[in-house]
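Q: Can you keep this structure in mind? I'll have questions shortly.
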Amino acid sequence: MAESIPGYIGQSVPRREDRHLLLGEGAFVADMQLPGMLHVAIARSQFPHATIKGIDLAAARAAEGVELAISGADIHGVLPPISGMQVTTPQGWRDRVDTDILIPDQPLIPHDKMRFVGEPYALVVAESRYLAEDAVELIEADFDPLPPVAGPDAALADGAALLHDVLGRNIAAILHTTKGDGAKALDTAPHRLKRRFNHHRYAAMPMECRGVVADYDARRDILTVWSSSQVVHWVRREVANALDMPEERVICIAPDVGGGFGVKGHCYPEDILVAYLAKRLGRPVKWIEDRHEHLLNAAHSRDIAFDFEIGFDDDGRILVVDTDFVVDSGAYSPVGAGIAGNSVAHMLGPYDIPNYECTCTVALTNRVPNAPYRGAGRPEAVFAMERAVDLVANALGLDPAEVRLRNMIPPEAMPYEVGLTYRDGVPMVYDSGDYPKALRAALEELGGLEAFRARQKQALAEGRYIGLGLGCYVEGTGVGPFEGASVKIDPSGKIMVATGACAQGQGHETVFAQMAADMWKVPIDDVYVTVGDTSQVTQGYGTIASRSTVTASGAIKGASDRIQEKVFAIGAELLEAAENDLELRDGGIGVRGVPELHRTYREIAKAAKPGWDHQRPEGTEAGLEAVSYYEPPTVTWAYASGAAIVEIDPETGRVTIERLVEVHDAGVLVNPAMADGQVKGGLVQGLGGGLFEELAYDDFGQLTTGSLMDYLLPTASDVPPITVLHQEVPSPLNAFGVKGLGEGGAIAPPVVIANAVCDALRPFGAELNSTPVRWGDVAAFFGDDPFEISEPSPA
Amino acid sequence: MKPAPFVHVAPGSLAEVVALLAEHAPDARPLAGGQSLVPVMNFRLSRPSVLIDLNRVPELAYIRDDGTHLTVGAMTRQRTLENSDLVRKAAPLLHAATLNIGHLPIRSRGTIGGSLSNADPAAEDPAVVLALDCVMVLHGPSGERRVAAADFFEGVLATATGPDELLVAIEVPKAPANSGSAFVEIARRHGDFALAGVAAQVTLSGDGPVSVQLAACGVGPGPVRLSGAEAEILDHGLSEAAIRAAARIAAAEVDPDTDLHATAAYRRRLTAAMTRRALLQAVENAKAPS
Amino acid sequence: MTDFRPVTLTVNGRPHTGSAESRTLLADFLRDGLGLTGTHVGCEHGVCGACTVMVDGEAVRSCLMFAVQADGAEIGTIEGLAKGGEMHPLQKLFSEHHALQCGFCTPGMLMTAMDLVHSNPDRTPQEFRDGMSAALCRCTGYEGIVNAVIEYAAMVKAEAADG
């Protein structure tokens, strides 16, 4: 036993996940090979909107190697749809926000109509994926095309075709919230500015697509589902519900998962279908989503248009924000009004704005369903707000940085009551932080604002166009409702931890080991961590919404605290000391100040065992294990200031990012190197969304970006030098002072880039109010001739 | 995304390839590097019943110095071209363009003959052979046929190669003395097909041009010879003003489409910008001591 | 339609024989036929690079090659990098530089890097960066990957100079 064990929280401990991944020994769902395994291929709609007239599976069923072929009609009435209410909201939120929510159910395979290109209408189970795909081609499907609802405008138009007749409208939700008196504030504001902002459709696009393997053990009546999912307990619940099994008899495991970022954050029809097929056929069944399916079928995201009006005074003080915005939710809304709710709650950002009026409509269209992706409603709202702040600055001839500083909530105002309600039903209170300091630090990192403005002027004189863009935001993290953890002291003395949080590459096993090692004062290698396995924790929630470090650590602590009560009681017995004189140290418990009076956890575990010869004090129950569910009081607020310098090539409009900086506060950093990796990875995703990535539909409802040749992910060559600075202002809301950081990086870059490009194009009065920033649009500001720059005369 | 069934045959000689093509046309496809064909087969957008694999035909893979020109076997890999001193010295434009093709693992397999036969309008090699007036050597049941590059490309993914013929070699004229070349392109990301690219070779006498060869990719149904721009330079020399004028003419003589990645108007603008850059760089290379 | 034929090849120095249809992709043959699931499949159209393996010493996309084409070839995969449980220096550098998170792209990244460095360790940092753009990573933002590859190239060069 080491003499003293270092504190692990705050150390960049090497990732315990790395070795097997580097050796090629990762275990992803697609890697699973079970004896007798069958393979699924899915027939997907080529129509955005159509009535099913008939599906003839005879030829497919007769094809080589086919075990089963079914269409929606075969499971209609057998398997229920995924309920539109799979995500619930608390009463406290519904009481405080005007809501009108009608989320449609999602059939696993529709029997009556198709609602988006890519929706399943039949599937084949065969001896290999090759043979299954062959058979899918033999399915004869007869559709009656319906007019496509090709976007929100079409969805909300009078007389629009209805996606879901039962709803009687193409609206999944309307949310309305207010603060102060928006109408009056607008009427009396010295200045008003109105724009339409659009944050386009793009998606998480993890390198591993989704996949499901299921195996049913009839003797034990246990159905095991391996899913590339962020939410194994959620999948378990939906599978158990659909198959009418006790949840305990369904085990859902997320093995190594190749990235998630939100797209794997809810239960999909395929999770249930593959489980059903395995039980029905009595053989293991595998479905691996290919990239084309992923683009056509896995959730898309963003896609929000804002009508936005802002009122401000001569000093640039923002008096009111009034916005109506529409989310294009696609054909279903698998995570309810979550994205919309986030946009509503995050619009005002780090600013002290007294009046706010916001109405949000979640429209249903014939497109792929929209679900949260890293940021989940925040990048969209932040794009609108932060473009507007720049426009306020322009209108007053002030520097955008100055306008931000004038409106930011000062550190002395913390905790700050926002005057809105979060979606956990609790009034929003920004708990800690120093927003102006973050912004100043970002500017300083870029060499200082004044120095940049001088450089910019000099560059312009040389015919070069450089610009500085900013984007500031706050982010509610660590949201409830809860997370579960199980902790046990093994007879070996090792600490066994399992949580409902699932990992997709973040390094949870390392982080939770660090935190548990500190809770128990053991070497980190004595902590064993299991994530993403429902058999290890009865209730869990999963890894979404920048929540796992906050919520799982709370649960691990809760369970550990309960066990430690026993450890102290037993320790007191063994060491013949008062509990008050004991401390956890060196892999066990000992008497303070007396090094030789110490018992290891192995000894404590032996003493705690049930049965003969235990050494428990009277009244102490046997065993050293506990389960805890941590229910956070509310969210803790991370925040950041992003900044970038860009240069524009006037001939081509090409945008080159010279540097990208993010000053981020995630409270106490458990593992700084991994925290850096999270923020940087997020920044590059945000950069991709801001410049390259786009899920585009034509007027007929067809997706025109069905491959990675058209959906452009950023590559190593597209990434500028990035600096991430951490302000570690501890959260007062939890024991470790941590805030969430999974999503933050992806929030600012789209608007940072747009603002930087507009700053570079200031001589032209350029405004870019939509993403992505297209080089062609940028070039157009320079006039028609690439070699003659025609600056418009100042208006 | 698994390909539909087909039969793979791997002949060892050109004679066998030609016989197999005759036997199985039009349902057979020759398989060169596969970097464009296999993706569309995986999407089941292409479903040949027979694939005639050219990768075991040694007589199709070579680079030969034939005095006035290099003869490049169709199955020569882009990676081989990239690493060839002979190509770098004798056909620097082809060498420069090759470096812009995809990524190293793509060039490991991709071949010049495959790229030319695929005739993707945005591909680099077609613009190069058009600019350099290369001769395409085709082989069919009735023997060899030689086609000028200008007559080879017949639109999007279409060439003059008959269903029972195979492109077997490309004759690439050697760069003259006092010449310089450049391949310049703009793509949304490194390694992507070009939004617009220009291949240029300029031969000087003193400071004046005696020959200008220009072709563009990504801005028409196939590679586009920029004849108007060439004429402008030959008439007015290589001043900045003449180069800009030529670049503007180039923008007018291409025929781009609008797609997700760029509008037609933007592609014309890029054509002008790339033409100017290619000309400036080619001239600089021509003047550089070799 | 059954069109299986024997395929004999060497993977990581060991001979293997299996059978494949004409259409079986090399990636699927390695993974499903030989059980070498370290090679990953991310897009099946040659863009993402996760399936990159060495074929006769050069990095190629194994989703764009048919297994029958690899008959007689020498294949290198991620499983062949470490020797006797000891990670290859490039693997160690990936860990040190936080060049992986989910690890799904890692096999292709390692194979791409091996080819880039060993075919020409004298590439410039920008050339290595551009070279690594052959494979997509969605987690890390690439910084650690590029730095690991550049450091590995320096190591290879130094060893060549010593030798």
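Q: Could you tell me which GluC sites (Glu not before Pro) in segment A:245-276 are loop residues by DSSP with no more than 10 other beta carbons within 10 angstrom of their beta carbon?
A: Within segment A:245-276, no GluC sites (Glu not before Pro) qualify (loop, at most 10 other Cβ atoms within 10 Å).
Q: Is any helix in chain B, taking whole DSSP H runs, at least 18 angstrom long along its axis by alpha carbon and on average at least 0.0 on the Kyte-Doolittle scale, and which ones?
A: Long hydrophobic helices here: B:240-253.
Q: Continuing with the same structure: Quick one: in segment C:58-139, what % of C-alpha pairs are over 22 Å apart?
A: 29
Q: If the convex hull of the alpha-carbon atoms of segment C:122-163 is projected onto planes in all directions, what is the mean projected area in square nanometres?
A: 2.9
Q: Name the long-range amide H neighbours of A:ALA122: under 5 Å, sequence gap of 5 or more, or other chain; modelled H, no Pro or chain starts.
A: Residues meeting the criterion, in which the H sits 1.01 Å from N, are A:ALA43.
Q: Now for a different question. Any idea how far apart B:GLU154 and A:TRP612 come out in nm if each label point goes 7 Å out from Cα toward Cβ?
A: Label at B:GLU154, label at A:TRP612, 9.4 nm between them.
Q: Any idea what angle helix C:106-119 forms with the longest principal axis of chain C, computed on alpha-carbon atoms, 0 to 90 degrees, nearest 10?
A: 70
Q: When only Cα pairs under 8 Å and 6 or more residues apart are kept, what is the percent relative contact order across segment C:4-47?
A: 26
Q: Any chance you could tell me what percent of the C-alpha pair distances in segment B:1-126 go past 20 Å?
A: Roughly 46 percent, once rounded to a whole number.
Q: Give the shape of segment A:695-790 as rounded, prolate or oblate, defined through the alpha-carbon gyration tensor: a ≥ b ≥ c are the square roots of its eigenvalues, a/c under 1.5 means rounded, and otherwise the shape is prolate if a/b is larger than b/c and oblate if not.
A: Here segment A:695-790 falls in the oblate category.
Q: When a footprinting reagent is the concern and you count Cβ atoms within 10 Å, what order do A:TYR639, A:TYR711 take, fewest first?
A: Final ranking by Cβ density, sparse to dense: A:TYR711, A:TYR639.
Q: Which order do A:TRP520, A:TRP612 fall in if you start with the one that has the fewest other Cβ atoms within 10 Å?
A: A:TRP612, A:TRP520
Q: Where the centre of each part is set by its Cα atoms, how far does segment A:271-329 sit from segment C:52-114, in angstrom?
A: 34
Q: Still on this structure, I have one more. What is segment C:1-57 by shape, rounded, prolate or oblate, if you read a ≥ b ≥ c off the alpha carbon gyration tensor as root eigenvalues and call it rounded for a/c under 1.5, prolate for a/b larger than b/c, and oblate otherwise?
A: oblate
Q: Now for a different question. Using Cα atoms only, what is the angle between the long axis of helix C:143-162 and the major principal axis of chain C, expressed in degrees (0 to 90) to the nearest 10?
A: Relative to chain C, helix C:143-162 is tipped by roughly 80 degrees.
Q: Please compute the volume of the convex hull spanned by the alpha-carbon atoms of segment A:18-117 and report it per residue in Å³.
A: Per-residue hull volume (Cα only) is 235 Å³.
Q: Using only alpha carbon pairs under 8 Å that are at least six residues apart, calculate the relative contact order of chain A and give it in whole percent.
A: RCO, chain A: 15 percent.
Q: Using θ = phi - 60° and the Karplus form 6.51 cos²θ - 1.76 cosθ + 1.60, what ³J(HN,Hα) does each residue of segment B:50-65 get, whole Hz, x for Gly and Pro?
A: For segment B:50-65, the Karplus-derived couplings read 10, 10, 9, 7, 8, 6, 10, 10, x, 6, 9, 10, 6, 10, 10, 8 Hz, x marking Gly and Pro.
Q: Oh, and also: For A:ALA50, which sequence-distant residues (separation of 5 or more, or a different chain) have an amide H within less than 5 Å of its own amide H, given hydrogens modelled in the peptide plane?
A: It is A:MET114, A:LEU146, by chain and number.
Q: What residues qualify as long-range amide H neighbours of A:LEU695, i.e. H under 5 Å apart, gap of 5 or more or another chain, H built at 1.01 Å from N?
A: A:ARG201, A:TYR202
Q: Return the average number of partner chain Cβ atoms within 10 angstrom of each residue Cβ along peptide C:110-119.
A: Counting other chains' Cβ atoms within 10 Å and averaging over C:110-119 gives 2.
Q: In what sequence do A:HIS49, B:HIS236 fall when counting other Cβ within 10 Å, fewest first?
A: B:HIS236, A:HIS49
Q: Would segment B:153-265 count as rounded, prolate or oblate if I go by the C-alpha gyration tensor, calling it rounded below 1.5 in a/c and otherwise prolate when a/b exceeds b/c, oblate otherwise?
A: Oblate, since a/c reaches 1.5 and b/c is not below a/b.
Q: With r defined as the distance between the Cβ atoms of A:SER83 and B:SER211 and R0 fixed at 51 Å, what FRET efficiency is calculated, to the nearest 0.05?
A: E(calc), rounded to 0.05, equals 0.10.
Q: For segment A:75-83, take each phi angle, set θ = phi - 60°, evaluate the Karplus expression 6.51 cos²θ - 1.76 cosθ + 1.60, and give the result in whole Hz per residue in order, putting x for glycine and proline.
A: Computed from phi, the couplings for segment A:75-83 are 10, 4, x, 9, 10, x, x, 6, 5 Hz.
Q: Volume per residue, Å³, of the convex hull around the alpha-carbon atoms of segment A:125-206?
A: Residue-normalised Cα hull volume stands at 244 Å³.
Q: To one decimal place, what Kirkwood hydrodynamic radius in Å is obtained for chain A from all pairs of distinct Cα atoms?
A: One decimal place: 27.9 Å for the Kirkwood radius.
Q: Go through segment B:188-200 residue by residue and turn each phi into a ³J(HN,Hα) via Karplus (6.51, -1.76, 1.60, θ = phi - 60°); whole Hz please, and just put x for glycine and proline.
A: So the Karplus estimates, Gly and Pro as x, are 5, 9, 4, x, 6, 4, 6, 5, 7, x, 9, 9, 9 Hz.
A short reminder: the numbers here are calculations on the coordinates, not readings from a lab. Just so it is clear, the structure is predicted and the values come from calculations on it, not from any experiment. Here the Cβ is made from the backbone with ideal geometry for all residues, glycine too, and neighbour counts use every protein chain on show.
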